[in-house]
Structure formats: C-alpha cells, structure tokens
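One structure is given below, encoded as structure tokens.
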Amino acid sequence: MNHTIADKLSPITCFSINSTNVEIQEHLSTINQPFVFLTKDDELYAYIYLDDLYRSRGKGSELTASILEDYVIPISNVGEWKQGKPISLPFIFQVLGEHITLIKNEEDEFIGYIRREDALVELFRQDNQNINLLKVMLSSIPMGVFVIDSDKKIVNCNESGLKMIKSTYQQIINLPAGETFNQADIDKAFSTGETLLNQIHITDDMGVLVDYSPILNEKKQVDGMIIIVQDLPMVEEMAMEIEYVKDLNTDLNAILATMYDEILVVNKNGELLRHSEKFIPDFWGVDDLEELVGKNLMEFEEKGVFSPSVARLARDKKKKVSVVQQTPSGKSVLAVANPIFNEDGEIHRIIIASRDITETKKLKSELRETKRLSKNYKEELEKLKSKDDFANKIIYCSSKMEQVINRTKKLSDFDSTVLILGESGVGKELIANTIHLEGNRSEKPFLTINCGAIPEDLLESELFGYTKGAFTGADAKGKVGYFGQADQGVLFLDEISELPSRLQVKLLRVLQEKEVTPVGSTKSIPVDVQIIAATNRNLEKMVEDGTFREDLFYRINVIPIQVPPLRERPEDVPLLAFNFIQQLNEKYEKNYHLSPEALNLLEVYDWPGNIRELQNLIERLVVTADDNVISAEFVNQSLRFGESKKVKPMITGILPLQEAREHLEEQLILLAMKKYKTTTKAAKALDISQSAVSRKYQKILQKQEK
Amino acid sequence: MGYDEMITSPCDGVIEQICVQENCRIYEWDSLFKIRTSDGDLETVSLGLSGLLRSLEVYVGEEVISGMVLAYIAEDLVVSGSD
Ligand SMILES: Nc1ncnc2c1ncn2[C@@H]1O[C@H](COP(=O)(O)OP(=O)(O)OP(=O)(O)O)[C@@H](O)[C@H]1O
Ligand SMILES: [Mg+2]
C-alpha cells in the first residue's frame, strides 16, 4: 500500500445494529469520525454518514436502531479498493458515486476507508498504471464526444467522434468547433446556456445528429461545451436517395422537355418554385427562368406582361385550365395549369406545362385551307363528271331511237304532260331525265316517285303533302308533297300503272285544276309542275280491263313516247356494248374489248331485259374475263345460248299472262325470222305452219311501224 | 384517324349553354357553346370543322376568358361530303 493512501486511511469503527438503544447512544457518543459502520450477525453490512444523520435529527437527539435503519447505506454500494488490483472504469464511477471507498489489504481484510476526494486524488495520481482515465471514459461511450473550451475550440474528443466526422485528432484539435459543427448552434448554446438536442448536421461527407450541451460553472456561466455526435445510418441512405432522385429528375426533365417546351411549378400564391431547363423565350421577357424563381407569376398579369395568367385561373377554379396565350412577338402558347392538392384538399402546387403551338396552328390552318380547296375541287369535278356522265347520255344509232329522241327534243320546250311507254330496261327513266335537262325547267327540281314501290297511304301524303296533325306519326310541322316540292319543275311518275284508283282520281284533279290539296287540308294550293309518267305495262289494255281510269289515261297520254325494245333495234347493241365496256375500262383502268364474233352474238340475242340486261351482262363479262379480248365463246357461256338451242324466255316482271304470251310470241317470231331469214325455215324452227309465221310476222312489223 | 384540335373561347364571359356532349360527333355547322360576354351579349361558339368531341373542359356557369380551351376535338382528316 502506498503511504499516501495510508495517510488518509481512517479506521473502521463499528457496532451491531442489534445493540440496545442505550448501547447505541453510547457508541455514537464515542465516535469522532463522520462515518460509522454497522454489523449484523458479526458481518459488516452498512454504514451511516453521521453528518447526514445529525443534520436532520440534531446531534443530541434520542437515536434508536429503527431510526438508524433509515440512514444506513448498504456496504455493497461502496467500492472496495484492493491493493495491487488494476483499476477499472466502473470502479472509478463507483468511487465517484459514494462518500467513501473501503480499502482491503492483500489478505482481503478491510483495513479502513478513505473519503471520495482522497480516493479520486489518489486515482489520478496513479500514472504508474498508464491509464488516461478521461480517454478511457470518452472512448467507452458509443457516441462521438467533443469537448469545447470557452473559446469554442475543440480541446478533446473520442475516437468514435473522429470516425463520425471522418477526421483525425491532429486535424481538429484546437480548431474552432464551428468549422466542424454548426456555428450558429454552437453560438446559440453558448449564449443561452441551454442544451440543443438532435440537430441534424449534413455536409458533403457526413451526416450526423448533434447535441450541443453547454458546461456551466457554479456561477451558471458557460465555461465550455460538450458536443455529442451520433451517427445517422439513414442519413447515408438519404444521401443515396437524393442522388437517385437527382438522376430521376434529369431523366424526367429530358422526357418532359420532349413533350413540353416549358414546365413551371408554382406554390399556391403563384410564386415560382421550380422550372424546366427548356423554356419558351420571349414569353416572360427574361433570358433565364432562374431570374423568376421566388417571384410571383400572377403579378406579371397585373403588370400587363401578358394576359391571362393560367396559374391564377387554375387556383381560382381549383381545376385544370388550358389557355392559349399570345406572346408579344405573336407566338401562340398553349399553357395547361394543373393544380395539385394537399391532404386537406387545399392547393399545394400548380404545375404549368406550356407548348409553343405557333407552328402547329399554322400547319393546321394550312391544312384546313387545303381541305376547303380540295372540297371545292371535288364538287367542281363532280359537276363536270355529271355533265359528261355516260349514265345520263342516251346512246343510240338506230333510226327508231332517233325518232324517239327527236320527239323528246321537240316536246322539251313545252310543259305538256308526257307518257313514256316501253318494256322494262329500255331507258324510260333516262328519257324522262333528258326531257328535264333539255327543257326550260332544267334549273328547277326533277323529282322521281315510283308509284309501285310505296304503300297507298304513304304515297298519298308523299305526293300531295299533309297539314300538321293530319294523322298520327306524321311530322308535327306537316309536310310539303312532291307536287309542292317540284313546283316549277318536273315530277316523274314512274310505274304510273301501279297508282291506286283513289289516287288516280286525285292525280287527275291536280292535272286538270293545277292545284293540290294536302292530306288533312281543305285548302288547295296552286302548283306548276310538268308531269312525265312512265310504265312498262299496256295502259290501253288496263283501261279496257277497267284497272286504269280512262279519263286519266287520256289526260296523261297527251304526248306518248314509245321506247322500242332493244331487240327491235339490234344496231344499237354494238354501240351500247362498246360504250358500257369503255365506262368499265375507265373506271377500273382496264383495257377490255369484245371480239367481232362476240358482238355478233350479242346482236342476235333478244334482250328481254333490254338495255339494263345488256349493261349487267357487260359488267359480268368484264368482271369475270381472264383475257382482255372477250370472245364469243365467253359471251355464249354467259348468255347460256349453248346449253339448249331453245333459249328459255326470260320475264323480268309480273305482267298479265295474255300480255306475256303476246310478248313471247312476238319475240319468238322475230328471233326466228332474224336467224332463218325465211318464213319457211322459221316455221320449221318454231314448229308451227309457215302461214301462221307469215301472218304473225306481218302483224308485228305493222305494230312496230306505228 | 384524327388529330387533336381545340376549341378556345373567343371572349371573356360565362358559359351559358353547352350544346354538345363528350364523345359525340360535331359538324362544321354545329354551335357548340353559348357564352354570355361581360357586355351582356350572347356569343355562339362554333368551329369550322367536324370531328369527335374528345373532352369538355368547362361546365355551365363557369367563367371563361378569351383563349381558354373549352373542348378538345379529334378532327376528321377526310374531306366531308358536300351534301
Ligand atoms: N340509250 C341508252 N344509252 C345508254 N344507257 C341506256 C340507254 N337506255 C337505257 N340505258 C341504261 O339502262 C338502264 C335502264 O334504263 P331505265 O332505268 O331508264 O329503264 P326503264 O325503262 O325506266 O326501266 P323500268 O321500266 O324497269 O323502270 C339504265 O342504267 C340506263 O342508264
Ligand atoms: Mg324505270
């Protein structure tokens, strides 16, 4: 044992806690030391700090065992300092915590105690053990500790602290703490004397959590500071994340830049927070959007730089707003402002994405102009086409047709009623059309109504019109009939033979009085309409049979035009065939033509369906032909001549049997005569007598003459 | 095929009537919006083109300003018939 300890060593005076009160009083009165030790069952178990006891109890007071119990301090709390044993850090703390330290000799016997001050002095003098106690203390703390003196300089620190700030002892010792830590925080702690906890301190190479804890002297003045530093593992991660977000931002910027010319982010007040790298020059009147950061964009509107502010609109309306704005130099900018709301539903940010649409607008208007022009051209073309349209041109070379055409030309100049007669497909409608086009009513409407295709009631209202409320299902406003619509023009009544007798009366009235009475009306309206009627039926026969009104027949039969069937003008066949093929060639950019033999064949055919049949046949031939030259053989297949020498008669519409018989007979005789040239041969082919053929043939020729 | 065209307001005012619906076809001669201008006049908005109304950007009673987009339209690129 060191002599200095021995100097300070006090002997252990003890008595049993089980002593009587009198004994206790006696013991205490004899003790002249501040500490007294107690035994229980001969074991040293506690001590009492007498100063404590007397301070609260008074020195001369009655003291019993039970009172003493309140002041005993267990001996186990007290540090035991054994001679020659190395000193550990916890032991130092134990010494610090208690009034005394017990001293043991090498034989493990208590030889006395020393007071705390003496123990500490002794401990710090023990440099022979090479322990830098403060250092040990500091380094054992899992946090960075920096000791700052009153000049705010770092005077000491521990290893963990150095690690956290990624520095060395030599580098930082005696340096102002403000160079490493937050100067403002340090100053604050120094001036207020209050501890600042959990300050996040992030620099390029560290991220730490810092406590600034001032050291106060007895006068409560700040003498220095302990800076406690903690690692922030998530700070590292955060830094990584920031890096990632930065990258993402660059990518996003690039993506957005391709879609928008400018993107701005403003807060709810309209102050610019962020902007894209790209921007629309000349719009804001600045060279760099950076100049506008922090400025209120809505003020630009007030200043009159531009109007209106799309951000203000989006804020006020609380919804997406798009506005086309004009820049001073005349650019058109489409700005779309999108408000972004926070959790409380308030506007947090407004994103404004803008695009320069000047070029787009220009292109669009050019496109529109082009569209308008091409539409006009299309209409012009349509007109030209219809002028030159084959469909409206009557093709013929036969003298029979020439007569017909001459007749129509003559009557075109008059408003007389015309009746066109002829088999199905001979071109009755075409002729009606020509009469209108060639006549003095060509600028006025030409209306066609097929009397056989519409139910009676409907036909009536279509022809004569009706007043409002005339019948259920009728148009509320009433309707102008065909007569009304065709006023000053031409009304073509196709299939006039099919007109129901009730309407025949009504039509007669119109023709006689030149006025119509709409369905449901009592008032008649004057009309000026040229009537062209047509039928493929034998009207005279129908009058005889009583199915067509005689008075009406005479009324419409003012100028009859009999269109001859194609078989009666075979010389037209090649011309028509040629024209139809030409039309198709032009339409499909092909180059088909009929061989002379094929044309011959067409001429011999009797065309019960007349020109419509010829037209259809040509189309069928062209569509199915493999060769540019359409051969007779190919035509033959389509006409089915070859299957049987006896061609089956073809009827294209319902007609009375007697009429059909007459037709058929006529056709057969004509065909036979054309083919065999003599009545004898024809009679043989038809299997009737030569005189019958001769008689019938004469009759047909006479009829044709008419 | 169509491309987006927008209808913008010709004036400042309040939307009084919307004559069209989203996803319906509009034609050159259709009037699309009626706007009561700040002067009290009723301005009819129509567009010289036909197409499909893709989205309506305003509602009846909404205040609009000149240049504000009222609707987006997918315009027909084909020349429409003359009939
Ligand atoms: N001479 C002709 N030149 C050119 N094409 C014609 C000629 N005659 C008729 N056609 C055409 O034949 C087709 C039938 O003609 P249209 O419709 O005028 O016959 P239709 O006599 O009215 O027949 P239906 O009695 O069956 O109504 C039409 O396509 C027409 O253009
Ligand atoms: Mg016809």
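The values are calculated or read from the model by the stated rules, or taken from the named source; none is laboratory data. Note that this is a predicted model, so its numbers are computed, not measured. Counting neighbours? That spans all protein chains shown, and the Cβs are built from the backbone with ideal geometry, glycine included. Accessible surface is based on the protein model in full, side chains and every heavy atom, while ligands, DNA and RNA are left aside. Shrake-Rupley method; radii C 1.70, N 1.55, O 1.52, S 1.80 Å.
Summary table
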| quantity | calculated |
| --- | --- |
| Relative contact order of chain A, pairs being alpha-carbon contacts under 8 Å that are 6 or more residues apart, as % | 6 percent |
| Spatially proximal lysines relative to A:Lys541 (Cα-Cα < 16 Å; intrachain offsets below 8 disregarded) | A:Lys703 |
| Projected-area average for the range A:153-192 over all orientations - Cα convex hull basis, square nanometres | 2.8 nm² |
| Relative intensity, log₁₀ I(q)/I(0), of the range A:134-237 from a Debye sum that treats every alpha carbon as a point, q = 0.12, 0.19 Å⁻¹ | -0.35, -0.90 |
| Cα-based Kirkwood hydrodynamic radius, the range A:565-647, one decimal, Å | 12.7 Å |
| Apportionment of accessible area to carbon and sulfur, the range A:656-706, percent (1.4 Å) | 55 percent |
| Volume of the Cα convex hull of the range A:656-706, divided per residue and given in Å³ | 70 Å³ |
| Beta bridge orientation in the protein assembly as shown: antiparallel %, DSSP, nearest 5 | 80 percent |
| Calculated over the range A:464-584: convex hull of Cα atoms, volume per residue (Å³) | 167 Å³ |
| Accessible area of the range A:3-131 belonging to carbon and sulfur atoms, whole % at 1.4 Å probe | 48 percent |
| Alpha-carbon radius of gyration plus Dmax, which is the widest Cα pair, for the range A:3-131 in Å | 15.8, 51 |
| Net charge over other residues, Cβ less than 13 angstrom from the Cβ of A:Ile405 (K, R count +1; D, E count -1) | +3 |
| Peptide A:316-322 - average C-beta neighbours from other chains (10 Å radius) | 4 |
| Built amide H within the under 5 Å cut-off of A:Thr448, gap 5+ | A:Phe492 |
| Residue pairs, from the table A:Lys675/A:Lys696; A:Lys428/A:Lys479; A:Lys674/A:Lys696; A:Lys468/A:Lys523; A:Lys318/A:Lys362; A:Lys188/A:Lys220, whose Cα atoms sit over 20 Å apart | A:Lys428/A:Lys479; A:Lys318/A:Lys362 |
| Listed pairs A:Lys393/A:Lys587; A:Lys409/A:Lys444; A:Lys268/A:Lys361 exceeding 24 Å between Cα atoms | A:Lys268/A:Lys361 |
| Loop-located chymotrypsin sites (Phe, Trp or Tyr not before Pro) in the range B:1-67 whose Cβ has at most 12 other Cβ within 10 Å (DSSP) | B:Tyr27, B:Trp29, B:Tyr59 |
| Debye log10 I(q)/I(0) at q = 0.11, 0.16, 0.18, 0.21 Å⁻¹ for the range A:393-561, Cα point scatterers | -0.45, -0.93, -1.15, -1.47 |
| Radius of gyration and maximum dimension Dmax of the range A:480-546, Cα, Å | 12.9, 36 |
| Size descriptor, Kirkwood hydrodynamic radius, that averages inverse alpha-carbon separations across the range A:252-304, Å | 11.6 Å |
| As computed over the range A:543-606, the Cα convex hull volume per residue (Å³) | 147 Å³ |
| Accessible surface buried upon A-B contact (total; probe 1.4 Å; Å², nearest 100) | 1700 Å² |
| Area projected by the alpha carbon convex hull of the range B:4-75, averaged over all directions, nm² | 3.9 nm² |
| Zero-based 10 Å bins, Cα pair distances in the range A:260-356, whole percents | 18, 55, 24, 3, 0 |
| Cleavage-rule hits, trypsin sites (Lys or Arg not before Pro), the range A:478-579, DSSP coil, Cβ neighbours within 10 Å at most 13 | A:Lys514, A:Lys523 |
| 25 °C / 0.890 mPa s Stokes-Einstein diffusion coefficient of chain A, Kirkwood radius on C-alpha pairs, µm²/s | 61 µm²/s |
| Helix-only [θ]222 nm of chain A, DSSP H runs n ≥ 4, -39500 (n - 2.57) each, per residue, nearest 500 | -13000 deg cm²/dmol |
| Point-to-point label distance, A:Val121-B:Glu16, nm (Cα→Cβ direction, 7 Å offset) | 10.5 nm |
| Per DSSP, loop trypsin sites (Lys or Arg not before Pro) in the range A:159-190 with at most 12 further Cβ within 10 Å | A:Lys166 |
| Accessible area per residue in Å² at 1.4 Å probe, computed on the protein assembly as shown | 57 Å² |
